[in-house]
Amino acid sequence: MSESCEICALVSAPDDARELREAGATRIYLDVIDREPTEGLADEVRRGLVVPVLDEVCREGDHARLDPWVMEGRSVAVGNVSELALACERGALAEARGCIPAHNAAALRALDAMGACLAWLSPELSLGQMCRLARAGALPVGACVFGRPRLMTCEHCALQVAYACDRDHANCPYRYKSHWLVNIDERALPVRTDGRGRSRVYLDEPVDLVPEALELARAGVGRLLVDARNVPLEQAARGVGRCVRALAGEAVEREGCVGLSERGVE
């Protein structure tokens, strides 16, 4: 296994972390979009057990929920420039999520100048583009090698077209049901809506770059991520295990499409 490459996992529930650690993940990211900064979770962040992943949208009313996750000397994955600025102000170790555009070396250098310590590459990039950016050495980079990429975030609840809405998004019973948007080529794209009434649309199948994990590591990608939020936990754990094997030089099977850039969405 490449000693310079770390296997990471992104979960939406803290209880999911154990199975992914057992599969081989050594760094756990927690999506805190629908989580309040409780003392217990804050303590896990302070002890370095989990890295909070913040929203790609941050309005004035979001600061009370998001800002407590940003702690001096602790890692945090930020989804926009305002959160990046706050992380730098507080002395946190800011990782720029892929929703902050970094499609070339100049953009990586700009993020470095703004205080980011790592950039997660956009799922819109091809494998070759990811490798070229990693070799550029402008900023340490990570890449998601398994999971359904987010295609769009809508600040208005997509479920309002199907149901009567009382604006009480946090207690909406429909959020916990499965929903899809069917696009022009009849692909059913999963929709997830958070407690603030923001809907996110995801690809209908996982992107799987696990078979190319060793190639990415050799190019200089320092962290490889399995996103367990929108796939069965068993499949995510299998993805982590396949990543361990791939970094050890084994040939592994693929369980999804090669990449969003190749697959495309109309």
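Stretched out fully, how many nm does the piece from ASP15 to SER82 gain, at 0.36 nm a residue minus the Cα gap?
Full extension from ASP15 to SER82 adds 21.1 nm.
Which value in nm describes the separation of the simple spin-label points at ASP112 and ALA164, placed 7 Å from the Cα toward the beta carbon?
Between ASP112 and ALA164, the label points sit 5.8 nm apart.
Using the Cα atoms of the stretch 73-157 to build a convex hull, what is its mean projected area in square nanometres?
6.2 nm²
Return one whole number: the accessible area per residue of the stretch 47-181 in Å², for a 1.4 Å probe.
Dividing the accessible area of the stretch 47-181 by its residue count gives 49 Å².
Could you tell me which residue out of THR26, LEU127, PRO52 lies farthest along the dipole of the stretch 25-134 toward its positive end? Charges go on the beta carbon: Lys and Arg +1, Asp and Glu -1, centred on the Cα centre.
Of the candidates, LEU127 comes out farthest on the positive side.
May I ask for the Rg/Rh ratio of the stretch 122-173, computed from Cα atoms with Rh as the Kirkwood radius, given to two decimals?
Rg/Rh: 1.25.
Nothing charged except the Cβ atoms of Lys and Arg (+1) and of Asp and Glu (-1): what's the magnitude of the dipole of the stretch 154-236 about its Cα centre? Round to the nearest 20 debye.
400 debye
Could you give the size of the charge dipole of the chain about its Cα centre, using +1 on the Cβ of each K and R and -1 on the Cβ of each D and E, expressed in debye and rounded to the nearest 20?
Here the chain has a charge dipole of around 280 debye.
Taking the Kirkwood radius as the inverse of the mean 1/r across Cα pairs, report the Rg/Rh of the chain.
Here Rg/Rh amounts to 0.95.
Checking a compactness column here: for the stretch 1-79, what do you get for Rg(Cα) / (2.2 N^0.38 Å), N being the number of residues?
1.13
What 222 nm value per residue comes from the helices of the chain, counting each DSSP H run with n ≥ 4 as -39,500 (n - 2.57) and dividing by all residues, nearest 500 deg cm²/dmol?
Rounded to the nearest 500, the figure is -7500 deg cm²/dmol.
Determine the dipole magnitude for the stretch 66-200: charges of +1 sit on the beta-carbon of Lys and Arg, -1 on that of Asp and Glu, nothing else is charged, the reference point is the Cα centre, and the result goes in debye to the nearest 20.
In debye, rounded to 20, the stretch 66-200 gives about 300.
Computed FRET efficiency, Cβ-Cβ of GLU36 and ALA251, R0 45 Å: what is it to the nearest 0.05?
Working from the Cβ atoms, E equals 0.55.
What residue among CYS131, CYS144, CYS243 shows peak mean-square fluctuation when the chain is described by a Gaussian network model with Cα springs under 10 Å?
CYS131
The values are calculated or read from the model by the stated rules, or taken from the named source; none is laboratory data. Small disclaimer: the values here were computed from a predicted structure and weren't measured. Neighbour counts are summed over all protein chains in view; Cβ atoms, including those assigned to glycine, are modelled from backbone coordinates with ideal geometry. The protein model used for the area step is the full one, side chains on, heavy atoms only, and it has no ligands, DNA or RNA in it. Shrake-Rupley method; radii C 1.70, N 1.55, O 1.52, S 1.80 Å.
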